[in-house]
Amino acid sequence: FVTSKSAGGGTPVFAITSAPAISLSNQASYTVSGTCAASGSNVTVVVGSLAASVPCNGGTWSTAGLDVRGLPDGAVLVTASQTVDGAVVSSSQNAVKDTVAPVVSIGMAPSIDTSNQGAYSPAGSCTSGDGTMTVKVGTVQAAAACINGSWTAPGMDVRGLPDGAVAVTASQTDQAGN
């Protein structure tokens with residue numbers, strides 16, 4: 001008969017330390033990680049309806065890139081558990097799966113001339129609720145709020161740009177990183 005002794009006593013340290021949002025860029029190889037108490041023993045990880053078993057090594061565990069593309073967008077429960085000295089310890093976190101990228105367009109980017117180069121303001125449409133816009137006019141960058149599906153860059157000083165063609169771009173990144 002073999003038993004074990006824990007000098008610290010109490011409940012073993014077990015936690016999910018990272019369960020990031022699931023986005024377009026990480027859904028094919030999603031990683032969850034955490035701390036565990038029984039090195040050499042496996043940790044059972046469940047992301048939504050997908051289960052994996054990973055080893056506890058040196059007090060930590062990590063999934064090796066789960067393919068979660070089959071899970072629907074929305075709230076995703078992430079749980080992890082391990083049996084330590086006959087008792088099951090577990091942890092859970094809520095993650096969000098959002099694989100829909102914001103839709104952005106530039107509806108107005110007038111020619112730059114002496115009358116507007118000190119306060120140039122391109123504008124367009126965006127996805128409400130999906131974060132701040134990043135607008136670039138040549139090498140000049142500004143943030144713009146997306147309000148009710150529209151954005152307008154604040155008066156950007158583009159006087160330092162050279163004459164000729166100037167690229168105007170707009171992007172928006174939501175909380176999931178799309």
Is it true that some residue in the stretch 130-152 is surrounded by fewer than 17 Cβ atoms within 10 Å (Cβ to Cβ), touching a residue at least 24 places away in the same chain (Cβ under 8 Å) and acidic (Asp, Glu)?
-> no
Those residues of the stretch 30-60 which are in contact with a Pro (Cβ under 7 Å, 6 or more places away or on another chain) and within 15 Å of Ile16 (Cβ to Cβ) amount to Ala37
Provide a single number: the residues in the stretch 34-54 that are outside any loop (DSSP other than H, G, I, E, B), open to solvent by 30 Å² or more (accessible area, probe 1.4 Å) and within 23 Å of Gly86 (Cα to Cα).
-> 6
Hits in the stretch 11-33 (condition: open to solvent by 40 Å² or more (accessible area, probe 1.4 Å) and either more than 16 Å from the chain's Cα centre (by Cα) or free of Cβ contacts under 8 Å to residues at least 60 places away in the same chain (or both)) | Thr11, Pro12, Val13, Thr17, Ser18, Ala28, Ser29, Thr31
Residues of the stretch 55-82 satisfying the condition of being in a loop (DSSP other than H, G, I, E, B) and hydroxyl-bearing (Ser, Thr, Tyr) = Thr63
Per the list (1) hydrophobic (A, V, I, L, M, F, W, C); (2) surrounded by fewer than 11 Cβ atoms within 10 Å (Cβ to Cβ); (3) at pLDDT below 95, residue check on Ala75 breaks on (3)
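Would you please name the residue that is least open to solvent (accessible area, probe 1.4 Å), looking only at residues in the stretch 83-121 that are small (Gly, Ala, Ser) and not in a loop (DSSP other than H, G, I, E, B)?
The extreme case among them is Ala95.
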Search the stretch 57-70 for residues being open to solvent by less than 60 Å² (accessible area, probe 1.4 Å) and touching a Phe, Trp or Tyr at 6+ places or on another chain (Cβ under 9 Å), and hand back the single one that is modelled with the lowest pLDDT.
-> Gly65
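The values are calculated or read from the model by the stated rules, or taken from the named source; none is laboratory data. Note that this is a predicted model, so its numbers are computed, not measured. Positions of Cβ are generated from backbone atoms using ideal geometry, with glycine treated the same way; all protein chains shown enter the neighbour counts. Keep in mind that these areas ignore ligands, DNA and RNA; they rest on the heavy atoms of the full protein, side chains included. Shrake-Rupley method; radii C 1.70, N 1.55, O 1.52, S 1.80 Å.
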